[in-house]
Amino acid sequence: MMRVFLTVTAGLLLILALVSMPLIKLVGRTTGTSVRQRTASRRQVFLARVAADKKKYEGRREVSVDGMLKELETEGDRTPEGSDQYYNGIIGFLHPFCNAGGGGERVLWAAIRATQQQYPEAVCVVYTGDHDVSKEQILSRVKERFNIDLYPPTIIFLYLTTRDYVLASAWPRFTLLGQSIGSLVMAWDAFHLLVPDIFIDTMGYAFTLALSKFLFPNVPTGAYVHYPTISTDMLASLDAEQEEGRGVNAGAGKGTRGTLKRQYWQWFAYLYGRVGGSVDVVMTNSSWTQNHISKLWSSPRQKQKHTSPVSVVFPPVAVAELEKDIPLAPDTEKDRQPVLLYIAQFRPEKNHTLVLRSFARYLKTSQRETTTPESSPKLLLAGSVRDATDEKYIYSLRLLAHELQITNSVTFLLNAPWSAILQHLRTSSIGINAMWNEHFGIGVVEYQAAGLISVVNDSGGPKEDIVVEIDGLPTGYHASTEEEYAAAFGKAMELGEKEKVEMRLRARKSSHRFSGEVFDERWLEELKKLVWLAKPMSKT
């Protein structure tokens, strides 16, 4: 009953947030003022806690940050007001799965680290649903998983009780709309814990930003978009033939049910554009995402007089660490084995079936002569297993490998530690990406940094941003169909030793565009826009 009540309330809030009538706006501001007043005392408690935690760190003049020694400020040498580095407001980050340890979490923690370094007086609040872990456990995992050091006193974790509302399993029908309405319930929960001075969504819950603007018009909002909730490519896929590599909804636009699905998606795309129009600063993780977000959000944002363009801020990748751990030179080519490595979560959209069929075709058509089993090509599928659904999917892949008669040439590596993945990056020859319209592709950048020759899907971020020419020469291959992947495997394997080394070096050079340092610089450029909008508030 409570779920129904909250869902209906969130739906009404969404309608109100999208209506431009002055009276409706007044209702939003009045409600927001009430929420702010009710959380004012909690805000003071949090700020007092931050001050107390800082005192515990007084006198500790040296702490490790990113492997470098950095002095902490004391009472006598804090950042002076008026300087470019002074901002003492509360920056809220909505990331309900902050302890997941994936690429999206790397972006979150790298962003907070850069924020702390630029604005040491600011307080970073993370709204999370990870109730089973403490602040110390989360920060320890960040260090262990990403090698990112953070300054604990100015980080606060606020625990949401409504995260279940954004799970796909909670909305078996009308999932896109349901999760979006669920995100409003979650945002309402977050604002009743604390109203920030800047509100940033780093997981793709755009509807929460519209609600923030409705309740708190003077709170600047920012979005880091990993993947649009809906895109023009998704709409176009409804008309595609059901061929491999076109997404799980390929061909679903046929018949009466397909027509209704199309109308629902078109209506949702319009709604998504409206809420995106409310965002002050929009960052995307790739050119592909930027293009699709611009198509849906730019016109509404212009109507609301948001002048900051939709920008690309590439996710940070551990390029330097891989370059340090994996030497790359002509004399290391002997360590490479004829292994094709695919690192991806075991989910249908990652298209492992296409990889298996392409590999089987490659083995049948390859003219490669092998004298020992060790010299024959092998396929290694590495990824995490989350639940029984993933296990069932892996079982179907094993059956397919058996059907294709390639069982002896395929290895499944499940939930492997980073040390094991690193070893395979060091010794494999080819790195594979097969997901259609992968929004970015951190794994592909890791292939490049490790010196693998990439064979990626001819779409999305891997095509447009990552596997591109460097110095006018290729860094890998693009493919879409089974035949194209098999041909690309053959081309990569049949390169001469000198050509392989040269392509590996170009790939590594390409990966430097996605380093942590580049991310920090671009993130701060966009964050400064939000700080500029928020500074009048932070001084009150």
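The values are calculated or read from the model by the stated rules, or taken from the named source; none is laboratory data. Keep in mind the model is a prediction, meaning the values are calculated, not measured. Backbone-built Cβ (ideal geometry, glycine too); neighbour counts: all protein chains shown. We work out accessible area using only protein heavy atoms, side chains counted, and drop any ligands, DNA or RNA first. Shrake-Rupley method; radii C 1.70, N 1.55, O 1.52, S 1.80 Å.
Observations on the model:
- Y227 vs. criteria part of a loop (DSSP other than H, G, I, E, B), modelled with pLDDT of 85 or more, hydroxyl-bearing (S, T, Y) and under 20 Å from the mean Cα position of the chain (by Cα): yes
- Filter pass, T372 being open to solvent by 30 Å² or more (accessible area, probe 1.4 Å), polar (S, T, N, Q), at pLDDT below 90 and under 30 Å from A100 (Cβ atoms): no
- Test: residue in region 214-226 that is surrounded by fewer than 19 Cβ atoms within 10 Å (Cβ to Cβ) and either out of contact with any strand residue (DSSP E or B) (no Cβ under 9 Å at 6 or more places or on another chain) or among the hydrophobic types (A, V, I, L, M, F, W, C) (or both): yes
- Boolean, K535 is part of a helix (DSSP H, G or I) and either open to solvent by less than 40 Å² (accessible area, probe 1.4 Å) or over 25 Å from P330 (Cβ atoms) (or both): yes
- Scanning region 82-120 for residues being in a helix (DSSP H, G or I), hydrophobic (A, V, I, L, M, F, W, C) and under 19 Å from L209 (Cβ atoms) gives a total of 4.
- Set E438, E484: member being assigned to a loop (DSSP other than H, G, I, E, B), touching a helix residue (DSSP H, G or I) at 6+ places or on another chain (Cβ under 9 Å) and of a type in the set (D, E, K, R): E438
- Residue list for region 453-508, filter: among the basic types (K, R) and within 22 Å of Y227 (Cα to Cα): K463
- Residue among A388, A382, A401, A416 that alone is among the aliphatic types (A, V, I, L, M) and either open to solvent by 40 Å² or more (accessible area, probe 1.4 Å) or touching a Lys or Arg at 6+ places or on another chain (Cβ under 7 Å) (or both): A388
- Residues satisfying the stated conditions in region 250-266, i.e. modelled with pLDDT of 65 or more, of a type in the set (D, E, K, R) and surrounded by 12 or more Cβ atoms within 10 Å (Cβ to Cβ): K261, R262
- All conditions but one from (1) in a loop (DSSP other than H, G, I, E, B); (2) open to solvent by 20 Å² or more (accessible area, probe 1.4 Å) apply to V317; the one that does not is (2).
- Within region 519-532, the set of residues being under 14 Å from P196 (Cβ atoms) and either surrounded by fewer than 20 Cβ atoms within 10 Å (Cβ to Cβ) or touching a Pro at 6+ places or on another chain (Cβ under 7 Å) (or both) comprises L530 only.
- Inter-residue pairs, beta-carbon under 6 Å, first within 20 Å of F359 (Cα to Cα) and in region 455-471, second among the polar types (S, T, N, Q) and open to solvent by 20 Å² or more (accessible area, probe 1.4 Å), 6+ apart: D458/S480
- Residue within region 185-195 that is within 21 Å of G103 (Cα to Cα) and crowded, with 19+ Cβ neighbours inside 10 Å present: no
- Complete set of residues in region 152-170 that are open to solvent by 40 Å² or more (accessible area, probe 1.4 Å) and either assigned to a loop (DSSP other than H, G, I, E, B) or charged (D, E, K, R) (or both): T161, R163, D164, L167
- Among residues of region 486-503 that are among the acidic types (D, E), those with a beta-carbon under 7 Å from a residue that is assigned to a helix (DSSP H, G or I) at least six positions away or on a different chain give the pairs E497/E333.
- Search result, residues across region 117-136 that are under 25 Å from A534 (Cα atoms) and open to solvent by 20 Å² or more (accessible area, probe 1.4 Å): Q117, Q118, E121
- Complete set of residues in region 279-314 that are hydroxyl-bearing (S, T, Y), assigned to a loop (DSSP other than H, G, I, E, B) and open to solvent by 10 Å² or more (accessible area, probe 1.4 Å): T307, S308
Yes or no, residue by residue, for (1) over 24 Å from R336 (Cα atoms); (2) assigned to a helix (DSSP H, G or I); (3) out of contact with any strand residue (DSSP E or B) (no Cβ under 6 Å at 6 or more places or on another chain); (4) among the polar types (S, T, N, Q):
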| site | (1), (2), (3), (4) |
| --- | --- |
| T353 | yes, yes, yes, yes |
| S358 | no, yes, yes, yes |
| Y362 | no, yes, yes, no |
| V385 | yes, no, no, no |
| E391 | yes, yes, yes, no |
| Y395 | yes, yes, yes, no |
| Q423 | no, yes, yes, yes |
